[in-house]
1. Give me the pairs, please: first residue somewhere in the stretch 219-231 and outside the structural domain of residue 271 (by TED's automatic domain parsing), second residue anywhere and within 11 Å of the ligand (Cβ to nearest atom) and in a helix (DSSP H, G or I), beta-carbon distance under 8 Å, and either six or more positions apart or on two chains.
2. Checking residue 205 against (1) exposed (fewer than 14 other Cβ atoms within 10 Å of the Cβ); (2) over 17 Å from residue 97 (Cβ atoms): exactly one of these is not met. Which one?
3. Scan the stretch 62-101 for residues that are part of a helix (DSSP H, G or I) and in contact (Cβ under 8 Å) with a residue 60 or more places away in the chain and jot them down.
4. Quick one: which of 152, 194 is among the polar types (S, T, N, Q) and in contact with a helix residue (DSSP H, G or I) (Cβ under 8 Å, 6 or more places away or on another chain)?
5. For the stretch 290-301, which positions are at pLDDT below 95 and within 16 Å of the ligand (Cβ to nearest atom)?
6. So residue 159 ticks every box in (1) assigned to a helix (DSSP H, G or I); (2) at pLDDT 95 or above; (3) of a type outside the set (Gly, Ala, Ser) but one. Which box is left unticked?
7. Of all the residues that make up the stretch 59-78, how many are more than 19 Å from residue 35 (Cβ to Cβ) and buried (at least 20 other Cβ atoms within 10 Å of the Cβ)?
8. Report yes if residue 169 is surrounded by fewer than 14 Cβ atoms within 10 Å (Cβ to Cβ) and among the polar types (S, T, N, Q), otherwise no.
Amino acid sequence: MNKLFLKKITYYFLANFFFTLPKKSKGIILCYHRASNSKVDDKNDPNNSLTVSIQEFRNQILKIQSKYRIVSLKEFLLHINSDSNEFLVVVTFDDGYYDNFSDLLPIISELKIPITIYITTSFLSKNKSYIWWYELWHYIKSNNKLIFDGYNYDISRYKNKLHIFNIISRTIINRENENSWQELKSKIKKFNGNKISNSINLNIKQLKMLKENDFVNIGSHSVNHLNMSKLSIKELNYELKKSKKILEKILKYKITDFAYPFGTENEVTEREFIETNNSNYNNAVTTYNIPIMKGCNPFALPRVGIDNSINHKNIFGLLSRYSYLIKDLFKNLKL
Ligand SMILES: [Zn+2]
C-alpha cells in the first residue's frame, strides 16, 4: 500500500463520515462538461479531464438519486430561500459540446433528470467556432517545436508538451500576452483549420433539438468564453447581452441563466455579479468551491466541477461540504 492510496482512503472515509453530520447547506450544483460514449484516442490529452464516460455518468446519477433529489435550477433557486432542510442536487453542463446532444440526451430522457446546459454562442457557428483548449493541444501534440512570446520551445517530449500547454493556457485565460497568443492562434489555424472545434461543438440545429427536450434547460456561457474580470465594461456587457440575444433568437425562449467562463475567484468577482444582474438575467453560476447557504447571492452561485477523476463510488465524499475542509487540512499538513 503506498502513501497516495492511504491518503485517498483516509480522505474519502473522513469525507463520508462528516457527510452524515447535520448540515445547513441547501445543496450542490454540479458542473460537468461532456459525457460521452467515444473511446479516448489520445490518452495524453489534458482535455480528457473534461469528459466522463456515459456509463460513469449514469452510475453517478443513480448513486446520487439513491439518497438525494436532483432538481432543476429553477426549483433550486426557490429552495435557496425556503426553510426546507433538504439537500438538493442540480446538474449542469458547460460550453455546448456535440456529445451533449448525441450521447447525453438519450440518458437524460431515460433517467428523467433535469439539466441546464450553458452555451458559448461563438462555438455554435462553423467559421467562428474555436475551442482553443482542444485546438492548442492538437497543435502541441502534432509538433516538436513551438514559438511563443519570443521563446523557442522544444516540445518533442510529452512532459514538455504538457508543461507548455499549461503555461500557454494560463496566459490565454489571464489575457496576459494577447499578441503572442494571436500570433500562435493564426499558426494553429493554418495547421488545424477549425476541424477539432467543428467536430466537437454543437450546431444550431442540434441546440434546437436539445431545447425541445423537456428535461433540458439552456443558459448562456457568454459569446467568446473569455476571462470576464479582464474585460472592459463595454466588452463585458457585450458578452452578457449579445449571447443572451443570440440564444433567444435561435430558441425563441427567454434566457435567464448564466454561467461565467472559467468561473473561479480569479475570473469573476463583484463587478461581474452586478453587471450580470443588470443584463436581465435571473441568476448566474461560478465555480467557487464553497457551500451554498440560505440567502446566497443568486448571481454568485457556487458549483463543484466533476472531472474524469471522480468515481461514482466516492461521489458522496465530493457532495459533502466537509470534503472541502478535509482537502484543505490535507493540503496544509502536506500529507
Ligand atoms: Zn466553459
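The values are calculated or read from the model by the stated rules, or taken from the named source; none is laboratory data. As the structure is a computational prediction, the values presented were derived from the model and not from experiment. Note that we place each Cβ from the backbone using ideal geometry, even for glycine, and neighbour counts take in every protein chain shown.
1. Sorted first by the residue in the stretch 219-231, then by its partner, the list stays empty.
2. (2)
3. Selection gives 62, 63, 64, 73, 74, 77, 80, 98, 99, 100, 101.
4. 194
5. Residues satisfying the conditions do not exist here.
6. Here residue 159 meets the rest and fails (2).
7. So the answer is 1.
8. It is false that residue 169 is surrounded by fewer than 14 Cβ atoms within 10 Å (Cβ to Cβ) and among the polar types (S, T, N, Q).
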